[in-house]
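Notes to accompany the following structure.
The values are calculated or read from the model by the stated rules, or taken from the named source; none is laboratory data. Note that this is a predicted model, so its numbers are computed, not measured. Don't worry about glycine lacking a Cβ; one is built from the backbone with ideal geometry, like all the others, and counts go over all protein chains shown.
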Amino acid sequence: MYSRYFCLFCMWLFLPTQRRCTLGQKTDGDLHSSDTTSLPGFENLTMGYNKYLRPFFGGDPVQIAMSLDIASISSISESDMDYTATIYLRQRWTDPRLVFHGNKSFTLDARLVEFLWVPDTYIVESKRSFLHDVTVGNRLIRLFSNGTVLYALRITTTVACNMDLSKYPMDTQMCKLQLESWGYDGNDIVFTWLRGNDSVRGLENLRLSQYTVERYYTLVTRSQQETGNYPRLILHFELRRNVLYFILETYVPSTLLVILSWVSFWISLDSVPARTCIGVTTVLSMTTLMIGSRTSLSKTNCFIKAIDVYLGICFSFVFGALVEYAVAHYSSSQKCATQEPQQGSTKEYCKETEDVNIIDILNSSDSNYKRSISFTSIEISSDNVNYSDLTRKTHDKIKFALRNKMHRIINYFTIQNPSNVDHYSKLFFPLFFMLVNVFYWAYYLYF
């Protein structure tokens, strides 16, 4: 019985000593044992390691080297002016408290991140972000023997991108992905790209629905805030929109509608229903096309885009073709109304009769003017000259001269032959439309 109590006392006596060996420095037997479950250097996490203090606390700043893999850019929204991307963010730094002997590296369970110090990196101008957690949190911690820590994350983020849509859909957008320290300023942390521009991968292999990645480059800068001067890494990437879709969807239909409106120039003025139907149909079709083109960009109505300019040009030509017929038809009806009706006169006779010549009216007025001049000379040659009548006749001369000038101006703008309106429109509308297209495409593609 006494021997049993003695054994229990010995076990109680030596138990704290064994615990101190496992939590502190290991014995030589432990180092050479093959069944140990602890990692080399892992005991430093439980002895004297403070995760709330950065490496080199109170001394030199920590060098954080970063690299990115762009897995995908799922959507680019012009209405919200942002893009959504899935990235693999990798951060490397050296912590002298985690140095261990050997030349191996060890990958730890991601849940051990809670026991380590990690940088407080955040994505500038991020609207929404989340860390993937299927099947577990997509994080990686790897320790190297020299104290280097690799911390990798898989993040999906929606980042703001200020876009200039004045040349839409022939625009090129420059978006940014910015990484910055939230709490540590430049005295505590220094951000660098691991391999310069080669630190970013995946952009050259992306296939986007509406865009093509033209080029990208990296920058290292600092952000001056009220609370300090913080390090920042910037990735610039240029996106060029693929215009072929919009050419087939908008530009070709609107151009064909303009050409369709010119068909009315080859229809006679007597075919009122045919010409009116073509004009009204093309105007309504252009209106529908303009409304449809703005549906996807309903929140950016403040921008006057290139596609809006082109649709406005096409609408002006279509509406001008309709107005051209109204002018020609009105001029034709006015000419028929000024002719003297005859017995058995028909519409054809109205078209074939000669126009009222305004020169005849001016000649009759000129003869009246000469007759009044002769009367005035007779009165002046008489003995009794009436100066008041002379003054009144001078005013009549001025009124006659002004009336003559007005007749000439009206005659200049009067359409003598309404059928010539269609003849000139057949040539003027296509040539002017081609000229406007040359200036339009040259400006938005090269300027």
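Hey, among Arg275, Arg232, Arg294, which residue is basic (Lys, Arg), in the same structural domain as Glu324 (by TED's automatic domain parsing) and over 23 Å from Glu78 (Cα atoms)?
Exactly one of Arg275, Arg232, Arg294 is basic (Lys, Arg), in the same structural domain as Glu324 (by TED's automatic domain parsing) and over 23 Å from Glu78 (Cα atoms), namely Arg275.
Restricting to segment 213-244, count the residues that are charged (D, E, K, R), under 21 Å from Ser67 (Cα atoms) and in contact (Cβ under 8 Å) with a residue 40 or more places away in the chain. Give the derivation first.
First, the residues of segment 213-244 that are charged (D, E, K, R): 214-215, 222, 226, 232, 238, 240-241.
From what is left, the residues that are under 21 Å from Ser67 (Cα atoms) are 214-215, 222, 232, 238.
From what's left, in contact (Cβ under 8 Å) with a residue 40 or more places away in the chain: 214, 232, 238.
Going through segment 213-244 one residue at a time, the tally reaches 3.
Considering only segment 101-201, give the strands (runs of 3 or more DSSP E) lying wholly within it that have at least 2 residues that are β-branched (Val, Ile, Thr).
Working: elements: 105-108, 121-124, 126-131, 139-144, 148-160, 172-181, 189-193.
Fully inside segment 101-201 and qualifying: 121-124, 148-160, 189-193.
Please name all residue pairs, on different chains or six or more residues apart, with Cβ atoms under 6 Å, provided the first residue is in segment 267-279 and is without any contact (Cβ under 8 Å) to a residue 12 or more places away in the chain and the second residue is basic (Lys, Arg) and outside any loop (DSSP other than H, G, I, E, B).
Going by the 6 Å Cβ cut-off, the qualifying pairs are Ile267/Arg275.
Of the residues Tyr49, Tyr88, which single one is in contact (Cβ under 8 Å) with a residue 40 or more places away in the chain, hydroxyl-bearing (Ser, Thr, Tyr) and not in a loop (DSSP other than H, G, I, E, B)? Give the steps one after another, and end with the answer.
Values: Tyr49 fails: not in a loop (DSSP other than H, G, I, E, B).
Of the residues listed, the single one that is in contact (Cβ under 8 Å) with a residue 40 or more places away in the chain, hydroxyl-bearing (Ser, Thr, Tyr) and not in a loop (DSSP other than H, G, I, E, B) is Tyr88.
Hey, does segment 197-212 have a residue that's of a type in the set (A, V, I, L, M), farther than 17 Å from Ile73 by Cβ and touching a residue at least 12 places away in the same chain (Cβ under 8 Å)? Walk me through it before giving the result.
Of segment 197-212, the ones of a type in the set (A, V, I, L, M) are 200, 203, 206, 208.
Cutting the leftovers down to farther than 17 Å from Ile73 by Cβ gives us none.
No, segment 197-212 contains no residue that is of a type in the set (A, V, I, L, M), farther than 17 Å from Ile73 by Cβ and touching a residue at least 12 places away in the same chain (Cβ under 8 Å).
Here is a yes/no grid of residues against (1) in contact with a helix residue (DSSP H, G or I) (Cβ under 9 Å, 6 or more places away or on another chain); (2) crowded, with 17+ Cβ neighbours inside 10 Å:
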site	(1), (2)
Met47	yes, no
Asp69	no, no
Tyr83	no, yes
Glu125	no, no
Leu131	no, no
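In segment 58-85, what count of residues is obtained for those that are in a loop (DSSP other than H, G, I, E, B) and farther than 23 Å from Thr158 by Cα?
Residues flagged as in a loop (DSSP other than H, G, I, E, B) and farther than 23 Å from Thr158 by Cα within segment 58-85 amount to 4.
Can you find, within segment 202-211, the residue that is nearest to Arg222 (Cα to Cα) among those that are assigned to a loop (DSSP other than H, G, I, E, B) and out of contact with any strand residue (DSSP E or B) (no Cβ under 8 Å at 6 or more places or on another chain)? Break it down into steps so the answer makes sense when it comes.
Going through segment 202-211, the residues assigned to a loop (DSSP other than H, G, I, E, B) turn out to be 202, 206-210.
The next check asks that each one be out of contact with any strand residue (DSSP E or B) (no Cβ under 8 Å at 6 or more places or on another chain); those that pass are 207, 209.
On the way: Arg207: 32, Ser209: 34 Å.
Once the filter is applied, the top-ranked residue is Arg207.
Take the conditions over 26 Å from Phe57 (Cβ atoms) and either at pLDDT below 90 or over 35 Å from the mean Cα position of the chain (by Cα) (or both) and apply them to Gly137. Does it pass?
Yes.
Out of all the residues in segment 193-226, which are hydroxyl-bearing (Ser, Thr, Tyr) and surrounded by 15 or more Cβ atoms within 10 Å (Cβ to Cβ)? Outline the logic, then answer.
Restricting attention to segment 193-226, the residues satisfying the condition of being hydroxyl-bearing (Ser, Thr, Tyr) are 199, 209, 211-212, 216-218, 221, 223.
Matches in segment 193-226: Ser199, Tyr211, Tyr216, Thr218, Ser223.
Within the bounds of segment 264-274, is there any residue that is buried (at least 17 other Cβ atoms within 10 Å of the Cβ) and either out of contact with any Lys or Arg (no Cβ under 9 Å at 6 or more places or on another chain) or of a type in the set (D, E, K, R) (or both)? Break it down stepwise before answering.
Within segment 264-274, the subset buried (at least 17 other Cβ atoms within 10 Å of the Cβ) is 264-265, 269.
So of that shortlist, the ones also either out of contact with any Lys or Arg (no Cβ under 9 Å at 6 or more places or on another chain) or of a type in the set (D, E, K, R) (or both) come out as none.
So far as segment 264-274 goes, no, none of its residues is buried (at least 17 other Cβ atoms within 10 Å of the Cβ) and either out of contact with any Lys or Arg (no Cβ under 9 Å at 6 or more places or on another chain) or of a type in the set (D, E, K, R) (or both).
What are the pairs with Cβ atoms under 9 angstrom where one residue, in segment 96-118, is surrounded by 10 or more Cβ atoms within 10 Å (Cβ to Cβ) and the other, located anywhere, is of a type in the set (Asp, Glu) and assigned to a loop (DSSP other than H, G, I, E, B)? Sequence gap at least six, or different chains.
Here the result reads Leu116/Asp95; Trp117/Asp95, each pair linking segment 96-118 to a residue that is of a type in the set (Asp, Glu) and assigned to a loop (DSSP other than H, G, I, E, B).
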